[in-house]
1. Amide H of Gln64: which non-local residues (sequence gap of 5 or more, or other chain) have their own amide H closer than 5 Å, using H built in the peptide plane?
2. Quick check: pseudo-label points 7 Å beyond the Cα along Cα→Cβ at Met18 and Thr85, how many nm apart are they?
3. Starting with the fewest neighbours, write out Thr73, Thr155, Thr85 ranked by other beta-carbon atoms found within 10 Å of each beta-carbon.
4. Mind listing which GluC sites (Glu not before Pro) in the stretch 137-193 are in a DSSP loop and have 11 or fewer other Cβ atoms within 10 Å?
5. Would you order Asp178, Asp55, Asp80 from fewest to most other beta-carbon atoms within 10 Å of each residue's own beta-carbon?
6. In nanometres, what is the gap between the two model label sites at Glu46 and Glu188, each 7 Å from Cα along Cα-to-Cβ?
7. Within the stretch 70-107, which GluC sites (Glu not before Pro) sit in a loop by DSSP and count at most 12 neighbouring Cβ atoms inside 10 Å?
8. Could you work out how much longer the chain between Asp58 and Ser149 gets when fully extended? Use 0.36 nm per residue separation minus the Cα distance between them, nm to one decimal.
Amino acid sequence: MKYSLPVDIDIDIEYIKMLFKQNYAHLFEQKDEYHSYRFIAIDIKEDVGLDDISDQLDSPFSVQRFFRTRANTNGPIHIDCNRATKERREWAINVPLFNCDNSYMEWFDHDDFGEFSWWPEAGFIKPPQDEMDDFELKIKPSERIILESPMLVETKSMHRVYNLDNPHDRIIYSIRGDNSITYEEIYERLANG
C-alpha cells in the first residue's frame, strides 16, 4: 500500500486503553466546544513507553495524541501539520483503541486544496469550511484501510477518517513521527526490516 503499512511494535495497548478511560475520555465531553467537532485531538502527557517504541523503530517521536472521530460522521479531509510551525507532518503510527472496526482511514491522491484553512486545535490544514462539502464530493479516495492493528500512516497527503457507518465514537492512539525522517524512509526501513 502506498499510504500505510502494518507495523509490529511492542506496545501495551491495554494500558493505553486504561489510561484513556481514566485520564482522557472525560476531556472529550467536558467542554461544550468539543461537542460540535466531529474530530478532535488531545495530547498525552504520561509515559506509555515512547522511548522503547522510538528505539524499536530507530526514530524519534515528537507528539503522542488520542484522536476521536464522532459516531456517524466523517473527519474532515486534511493534511497533518506541526501546531507550532504549520509544517506538514510526514508520518505517524496509529493504534486502534475503541470502535475502529466499522470505520476507514482514507487517502486522496489530490494534493492541492487551493485555499485552505488552518485548524490549530487539531494541528492540520483543510479546505475552508464553506467549501468542504463540495470538495469532499469532487475527489474519491485512492486508498482505504480498516485500522485493525498498529499502522504506519502517511500524514503529509490529504486523508480523513470515514466513520459515517459507525454508531460509536472511534478512538485511536497516535504517535506523531519526527520530520527528520521522511515517510518514505521509515516505510522502507519497516517494510524491509
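Quick note: the coordinates plus some simple rules give every number you see, no bench work behind them. Treat the numbers as computed from the prediction; the structure is a model and nothing was measured. Quick reminder, even Gly has a Cβ in these numbers, built from the backbone with ideal geometry, and neighbours come from all protein chains shown.
1. Here the answer is Ile44, Arg176, since their amide H atoms fall under 5 Å of that of Gln64.
2. Modelled inter-label distance: 3.7 nm.
3. Thr85, Thr73, Thr155
4. Those that pass, being in a loop and sparsely packed, are Glu148.
5. In order of increasing Cβ crowding within 10 Å: Asp55, Asp178, Asp80.
6. For Glu46 paired with Glu188, the spin-label model returns 3.8 nm.
7. Loop-located and lightly packed - Glu87.
8. This chain segment gains 30.8 nm when fully extended.
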